[in-house]
Each structure stands twice: as structure tokens, then as C-alpha cells.
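Notes to accompany the following structure.
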């Protein structure tokens, strides 16, 4: 029976992936721990700290061992220690000549932090792959809808015409920055731990640094320059990085949710046969993917908050803050993995109604083009005077139900602009073309494989 929604048979697909369940589940974690202890024994034998025969036996036994999590849990409860129960279970599986050399000189954090280094390494790979998929879907939308005119919206109100490609290109640029952050963070995060009781490696004597480097190299991890028992900035960086990524995905989901509202109707989430939005209103197509992106982003931000709390720890070891990682790291990573999958599905199958977008522009009766009209008038009377003239013309005409064109022509503002200038200023395509030029800039950066700074 599952007590956490990530492991729920009914709802688990919404909160974790098969990859993250294997990564953080009891059996997957134990398999990883056994690999770590096997490599530790081999490295210790290389450094002549334990007998080679014992290390070989440990590696052979652990390679095919499948521990029962329930038995390890019972032993852990009996010992009252985080890993002594595991040690006793392993000793029971090993012959006499090897059982005293298992987990030799290592602490709980040597094991769990090294495992965490492997987790962070894996998560950077998942982030890289997932972000690439979401970015590719956004690039396709930006390219396809480079010239698809739509309303910009500021403070939830209609603004100047832009293109839907411009909106998607903003997503592309933001996602690309996250890719850069992941690439920069990966070497910092793929770091293990082997430093003993207080971080000085005293138990291993003069071979401590050599052992650490040999051990971690066998696992594909970097050796830290010094112990990070209470320096948890790496974990915080991963959590905050996940919060940034899911924050962007949540923002994209919220925009799509709003644009899908019936009174706007400019985009549609992908759907499939049999997908039900409401059991009481059968006609509905609810924005399930969009909404869940926002939900996952909130969960990850909560975990990132706990990670930041862990920045303050005491002296050379502090279980109070450190052990919160055992709770939030699986949740943060699992939610992020799901969000990346949902983001790629959402954008990859997004329906875009270009005709509705243009109709919503035209429904504004020209008022959203007040800025270019003001700009044309400003050439004669100056910007601030032009603003006054257009403002006064607009307020009266809106109340009277007239179009913006009629408002300008029948007011003092119309005396300072020619018919041709007014016609150009009132052309949505002309104004939106400025947004399209930025789409080209973003896509050029994408095609060239180089970031465009701006």
C-alpha cells in the first residue's frame, strides 16, 4: 500500500515518472547503495586499506544481491540508526572473511551524499533532455506562427498586436537560459562524498584523498575539494534550478490556460478520444495539462524553500536540516520530471486558432493601435502632447461606441496626422511585424547553436 501520491497506482503518473520512481524507490535506492559500497571496497583494496580477497567477495555478492526493503527497514528500526540496519543485513549475506570490511570507515553521509551526487548527475541529464524537447516544440511554434497576428495583453487587458510566434520565442529564450544553467551546474553537482566522521578523512590516514578520488572516479563522480557535510549549496542549487524550470513551464501552462478560455479561444490543449473534462458537464474540455503544470511548479517551489532553509547548518554535521533533503529531493525531482514531459506534450500538440486571434484583434476597433498613432502625431507636436490628444479622443469615443479611426479623425488629434500616416499606424500587420523581427533573432540564435544576448 502506498502512502505517498508519487507511488500511487491511481495517481502516481501525475506526480512522478517511471525513471524517478526507480531512482527514489526503496529497491532502486538500495541497488544504488550496494553499487556504491561495492566500488568503495574495490577502491579501498586498491589503496591497500582492506584485503583484496574481501573486496572481491563484497563486489561479487553485492552484484547479484536483491535486498528486501522490509527486512532492511526492520533492522533499521531495531538499530535506531540510519544505515546500521543495512550493514547488519549485508553482513548476514557475506562470508566471515569479508563481513568486517563492508562499509569500512564510511559514514551515513558518505553513502547518502555519494548517492545524492549520482541523483544530481542523473537529474541534470533528465533536465537537459526534457528542456531540449520543450524548447524544440516551442521553436516549432515560433517558426510556424512567426506572422500569426494576435493581441498582446498587459495587466490582463488588450495591448498592441504581436504575433503568436513572438510569444513562443519568449518561451524559447527562457528555456534556452535554463539549458545554459543546467550545463553550468552539472559539473558542480556530480560530486560525491567520502570524508569520515567530521569531514577530515582521519580514519583513512594518509591515503584519504587518494581513496576519495579513486572511489568517486569509479562511480563517474568528481571528488570535492573539501567535505560538504554542512555545505548544502549543491542540493539547494538543484532544487532552485528545478524551481526555475518548472516555474517557466507553469507560466507557459497558465498562459495557455488563459488563452484557451472560451471568451478568448485562441489556443487548444491537445486531446484524445475518451478524454473527459467534467463528469457533471460532459461538453467541457478542461485545461488539465496547463493546470497541472502550475500545480507541479508550486510543489517544486515548496521543496526549493526547504532547500534554502538547509543553507543554515551547525558545525561539521547537522541532521536537523540535512535530513529534510530525504523528503524534498525525491518530490522536487519527480515533479520536475513530470512537468517536463507534460510541457513537451502540451506544446507539441497545441492547437492554434489564427483566425480567432485576428478576430480578437479586430474586435478592439483599432484602440490597441493607439501607440503607433500617438507616435505618428508625436512627429508634429511631441510625444507628451500627442499622448494627451490621443487619450482625450479615445476616452470620449469609447464611451460613444465609435471606432478608434473615427475617434482620431473627429478630434484635434486628427489635425496632426495625414490619411496615409493614420492608415499605416492602424495596420495590425505592420505593428506586429516588429515582434516578428525578434522571432527571427531568437530562431537565428537557435539555428546557429549560440545564445543571442538581449
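For residue 148, the conditions (1) out of contact with any strand residue (DSSP E or B) (no Cβ under 6 Å at 6 or more places or on another chain); (2) buried (at least 22 other Cβ atoms within 10 Å of the Cβ) are fulfilled apart from (1).
Among the conditions (1) within 21 Å of the chain's Cα centre (by Cα); (2) modelled with pLDDT under 95, the only one that residue 274 does not satisfy is (1).
Scanning segment 198-229 for residues that are in a loop (DSSP other than H, G, I, E, B) and either under 28 Å from residue 242 (Cβ atoms) or touching a helix residue (DSSP H, G or I) at 6+ places or on another chain (Cβ under 7 Å) (or both) turns up 199, 201, 219, 220, 221, 223, 224, 225, 226, 227, 228, 229. Scanning segment 94-103 for residues that are within 41 Å of the chain's Cα centre (by Cα) and part of a helix (DSSP H, G or I) yields no hits at all.
Residue count for segment 285-320 under the criterion of being surrounded by 12 or more Cβ atoms within 10 Å (Cβ to Cβ) and part of a loop (DSSP other than H, G, I, E, B): the result is 9. Does residue 116 qualify as being in contact (Cβ under 8 Å) with a residue 40 or more places away in the chain and farther than 30 Å from residue 200 by Cα? The answer is no for residue 116. Only one of the numbered conditions (1) surrounded by fewer than 18 Cβ atoms within 10 Å (Cβ to Cβ); (2) closer than 21 Å to residue 159 by Cβ is not met by residue 420, and that is (2). In segment 222-259, which residues are closer than 18 Å to residue 187 by Cβ and touching a strand residue (DSSP E or B) at 6+ places or on another chain (Cβ under 6 Å)? Once the filter is applied, which keeps residues that are closer than 18 Å to residue 187 by Cβ and touching a strand residue (DSSP E or B) at 6+ places or on another chain (Cβ under 6 Å), segment 222-259 yields 222, 224. Taking segment 4-18 as the range and being at pLDDT 85 or above, crowded, with 16+ Cβ neighbours inside 10 Å and part of a helix (DSSP H, G or I) as the test, only 6 passes. Of all the residues in segment 89-106, those that are within 16 Å of residue 30 (Cβ to Cβ) and surrounded by fewer than 17 Cβ atoms within 10 Å (Cβ to Cβ) number 3.
Check whether at least one residue in segment 50-60 is outside any helix (DSSP H, G or I) and closer than 22 Å to residue 216 by Cα, and report yes or no.
First, the residues of segment 50-60 that are outside any helix (DSSP H, G or I): 50-51.
Still in the list and also closer than 22 Å to residue 216 by Cα: 50-51.
Yes, there is a match, as at least one residue in segment 50-60 is outside any helix (DSSP H, G or I) and closer than 22 Å to residue 216 by Cα.
The values are calculated or read from the model by the stated rules, or taken from the named source; none is laboratory data. All values derive from a computational prediction rather than experimental measurement. Cβ sites come from the backbone with ideal geometry, for glycine too, and all protein chains shown count toward neighbours.
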